[in-house]
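I have placed the structure first, in the form of structure tokens, so that the comments after it can refer back to it.
Computed from the coordinates by the stated procedures, all read-outs in this text should not be read as laboratory data. Note that the structure is a prediction, hence the values are computed from the model and not measured. Cβ atoms come from the backbone with ideal geometry, glycine included; neighbour counts cover every protein chain shown.
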Amino acid sequence: MILSDSAVLAFYTTTDDGNMAYYTTQDENSVNINRSKLSNKYGFNLSALRYMNQVHGNHIEIVDFDSPNLILECDGIITKEKNLPLMVQIADCIGVVLYDSVKKVIGVAHAGRNGTFLDISSKMITKMNESFGTDSSDVQAYLSPSIQKCCYEVDVKMAEFVSHNFGKDFVSGRFIDLQGINKMQLIKSGLQDENIHVSDTCTKCSKEPYFSYRNDSKCGRFSCVIMLKDYK
Ligand SMILES: [Zn+2]
């Protein structure tokens, strides 16, 4: 579980749960089976699941029961609906899970390198505020297991780009710190430091049960899921 709160269900899947993304495989049915098992394991309604095709952009949508299950051309989704689980699928990228514990608003975003450069984490907070009146100081943020600065090696140009645009603290040689940049963006958006929970598990080198694209470009995707529960 990502967090312990009676109002939400939130968890990361592992390689044991299997591939969660249709776009990585020809075998659609295997994803159906994996997701079905997941819904039984955690007790959510699979037909309500909302997820994205994730195009490394920063487009964000508010979703509800009228939205399609698959949200196209999108890297962030937000809802205030109960029993409407949101999923982001990842392997090395950062899954950002957001929870406004006061207004009861949730969101997930896909923050790879591009999404991070496009400031998707901050844009999620802005959208939650504009749409539902979220006060950023009430938001809990969880950054999933993902490739960390120990392993995220880029070319010299990219390292210089990161240093120039985000600061030299986020670069060590040719290794970059996407988690640090996302955390900085969330703090700039008004989140409290203690409300930002960054997993220090590196998907590439930790041997923890998460898919890593840099270890295997044909790998599946694990996922972050969050749902507001119908609590009393
Ligand atoms: Zn590593």
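Here are some notes:
- Relative to the compact-globule estimate of 2.2 N^0.38 Å, the Cα radius of gyration of region 20-83 comes out at 1.17.
- Sum of -39500 (n - 2.57) over DSSP H runs of 4+, divided by residues of the chain (222 nm, nearest 500): -7000 deg cm²/dmol
- Per-q log10 I(q)/I(0), the chain, q = 0.11, 0.12 Å⁻¹ (Debye; single scatterer per alpha-carbon; no solvent): -0.51, -0.61
- Charged neighbours of Tyr42, selected by a Cβ distance under 12 Å, balance to +3 (K, R count +1; D, E count -1).
- Restricting the chymotrypsin sites (Phe, Trp or Tyr not before Pro) of region 35-73 to loop positions (DSSP other than H, G, I, E, B) with no more than 15 neighbouring Cβ atoms within 10 Å leaves Phe65.
- Potential lengthening between Phe132 and Glu153 on full extension [0.36 nm per residue; Cα-Cα distance subtracted]: 3.7 nm
- Neighbours of Lys149, meaning other residues whose beta-carbon lies under 15 angstrom from its beta-carbon, give a summed charge of +1 when Lys and Arg score +1 and Asp and Glu score -1.
- Using C-alpha pairs below 8 Å separated by at least 6 residues, the relative contact order for the chain is 28 percent.
- Computed over neighbours whose Cβ is under 12 Å from that of Thr203, the net charge equals 0, Lys and Arg +1, Asp and Glu -1.
- Taking the DSSP bridge list for region 1-138 and keeping only pairs wholly inside it, about 65 percent are antiparallel.
- For the cross-link pairs Lys37/Lys218; Lys157/Lys207; Lys41/Lys229; Lys104/Lys229; Lys80/Lys127, the ones whose C-alpha atoms lie over 20 Å apart are Lys37/Lys218; Lys157/Lys207.
- Residue among Gly180, Thr25, Leu70 farthest towards the positive dipole end of the chain, charges placed on Cβ: Thr25
- Placing +1 on the Cβ of every Lys and Arg and -1 on the Cβ of every Asp and Glu, with nothing else charged, gives the chain a dipole about its Cα centre of roughly 220 debye.
- Span from the region 4-81 Cα centroid across to the region 175-210 one, whole angstrom: 21
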